[in-house]
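For reference, the structure discussed in these notes is given below.
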Amino acid sequence: MEKAFENVRKKKPNPLLEEVFFDTISDGLSVQMLHIGSYDNESQSFDQMKKFIEENHLEIKALVHREIYLSDARKVEPTKLKTALRYRVRKR
């Protein structure tokens, strides 16, 4: 990781680079889905996830969800954007 940071500092310096850090996040039991397409259509994927959760006797721990952007929206056309969507859940 440090070697990658050194390379970026040399090739394309950015003051925000010093604010980057790596950490471990433990969400526990989760339901996750890869959403492909516009952010405007994410609600369809969330609806599918909620149906799966209900059918598998799970419940959402909190209405807060995670979105992990796998594509750069500045470079990828909206129909090809990839986003990991995740709900933390527990068994009922």
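Since every read-out is calculated from the coordinates, none of them should be taken as a lab result. For clarity, every value in this text was computed on a predicted model and none was experimentally measured. All Cβ positions, glycine included, derive from the backbone under ideal geometry; neighbour counts span all protein chains shown.
Which ³J(HN,Hα) values in Hz, rounded to whole numbers, follow from the phi angles of the range 19-32 under the Karplus curve 6.51 cos²θ - 1.76 cosθ + 1.60, where θ = phi - 60° and Gly and Pro get x?
8, 6, 8, 10, 8, 9, 10, 10, 8, x, 4, 9, 10, 10
Based solely on its DSSP helices, what 222 nm [θ] is calculated for the chain when runs of n ≥ 4 H residues each add -39,500 (n - 2.57) and the sum is averaged over all residues, nearest 500 deg cm²/dmol?
Working: 2 runs with 24 residues, N = 92.
Taken over the chain, the calculation gives -8000 deg cm²/dmol.
Sort ARG66, ARG74, ARG92 so that the residue with the fewest other Cβ atoms within 10 Å of its own Cβ comes first and the one with the most comes last. Don't skip to the end; give the middle numbers.
Details: ARG66 14, ARG74 5, ARG92 9.
Ordered by Cβ neighbours within 10 Å, fewest first: ARG74, ARG92, ARG66.
Roughly what would the spin-label model give for LYS80 and LYS51, points 7 Å off Cα along C-beta, in nm?
Placing both labels 7 Å along Cα→Cβ, they lie 2.8 nm apart.
Return the sequence-ordered ³J(HN,Hα) values of the range 61-71 in whole Hz as given by the Karplus equation 6.51 cos²θ - 1.76 cosθ + 1.60 applied to θ = phi - 60°, using x for Gly and Pro.
Couplings: 5, 8, 5, 6, 10, 9, 10, 10, 7, 9, 10 Hz.
Under 1.5 on a/c is rounded, so check that first for the chain, then, if it is not, pick prolate when a/b is larger than b/c and oblate when it is not; a ≥ b ≥ c are the square roots of the alpha carbon gyration tensor eigenvalues. It would help to have the intermediate numbers written out before the result.
Values: a/c = 3.79, a/b = 1.73, b/c = 2.19.
Verdict is oblate for the chain.
Just rank HIS65, HIS57, fewest to most, by other beta-carbon atoms within 10 angstrom.
Values: HIS65 16, HIS57 8.
Ordered from fewest to most neighbouring Cβ atoms within 10 Å, HIS65, HIS57 come out as HIS57, HIS65.
If I take R0 = 22 Å and measure r between the Cβ atoms of LEU63 and GLN32 in this structure, what FRET efficiency does the formula 1/(1 + (r/R0)^6) give, to the nearest 0.05? Let's see the in-between values first.
Numbers: r = 16 Å, r/R0 = 0.73.
Efficiency computed from Cβ-Cβ geometry: 0.85.
Longer than 22 Å from Cα to Cα, which of LYS12/LYS82; LYS50/LYS91; LYS51/LYS91; LYS12/LYS75 are they? Say none if no pair is. Each step should come with its number before you reach the end.
Values: LYS12/LYS82 25 Å; LYS50/LYS91 14 Å; LYS51/LYS91 15 Å; LYS12/LYS75 18 Å.
In this structure, LYS12/LYS82 exceed 22 Å between Cα atoms.
If one takes the longest principal axis of the Cα atoms in the chain, at what angle in degrees, from 0 to 90 and to the nearest 10, does the Cα axis of helix 42-55 lie?
Between helix and principal axis, roughly 50 degrees.
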